[in-house]
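Enquirer: There's a structure below that I have some questions on.
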Amino acid sequence: MHTREVMVIHHTDCALGRFSQAQLNEQITKASGHGFTEELDCFTDPIEAIAEDLGRLRACPYLSARDKVRGFIYDLTSNLVTEVPAGAKS
Ligand SMILES: [Zn+2]
């Protein structure tokens, strides 16, 4: 991979933050008619979820741009993308 820089962008009002894994399993199973059990990586704190993704990417041995990984959150209400500073905890 010739990746030189990575942007992780999450968004506000995400179903993965509003529902638990069990609730989503049930809703997707109901809507699709197929038993759904796949891990969706739900979260309760959106900023922490970004920090977690950044940590995973920075630890990835296959990624040469590990030092150029930045996180952002897209606010659906204001239509703005804001950078989440490295090591941010809310
Ligand atoms: Zn989402």
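The numbers here are math on the coordinates, done by the rules we state, and not lab data. All of these numbers come straight from a predicted model, not from anything done at the bench. Positions of Cβ are backbone-derived with ideal geometry, glycine not excepted, and every protein chain shown enters the neighbour counts.
Enquirer: Rounded to the nearest 20 Debye, what is the dipole magnitude of segment 6-84 about its Cα centre when Lys and Arg each give +1 and Asp and Glu each give -1 at the C-beta? Present the calculation step by step, with values, prior to reporting the outcome.
Expert: Working: 7 positive and 12 negative charges, 49 e Å.
My answer is approximately 240 debye.
Enquirer: Calculate, for Asp45 and Ala22, the FRET efficiency according to 1/(1 + (r/R0)^6) with r their C-beta to C-beta distance and R0 22 Å; round to the nearest 0.05.
Expert: Details: r = 19 Å, r/R0 = 0.84.
For R0 = 22 Å, the calculated efficiency reads 0.75.
Enquirer: Here's something else I'd like to know. Helix 21-32: angle to the longest alpha-carbon principal axis of the chain, degrees 0 to 90, nearest 10?
Expert: Roughly 60 degrees, rounded to the nearest 10.
Enquirer: Using label points projected 7 Å from each Cα along Cα→Cβ, tell me how many nm separate Arg70 and Arg58, to one decimal.
Expert: Result: 1.5 nm between the two label points.
Enquirer: Same structure again: Under the 0.36 nm per residue contour assumption, what length would be gained going from the current alpha-carbon distance of Asn79 and Lys30 to full extension? Provide the component values of the computation, followed by the final result.
Expert: Details: separation 49, 0.36 × 49 = 17.64 nm, distance 3.18 nm.
Computed gain between Asn79 and Lys30 is 14.5 nm.
Enquirer: Work out the charge dipole of the chain with +1 on the Cβ of Lys and Arg and -1 on the Cβ of Asp and Glu about the Cα centre, then indicate which of Phe72, Phe43, Gln27 is farthest towards its positive end.
Expert: So the residue we want is Phe72.
Enquirer: With everything on Cα atoms, drop me the angle between helix 46-58 and the longest principal axis of the chain, reported from 0 to 90° to the nearest 10.
Expert: The two axes meet at around 60 degrees.
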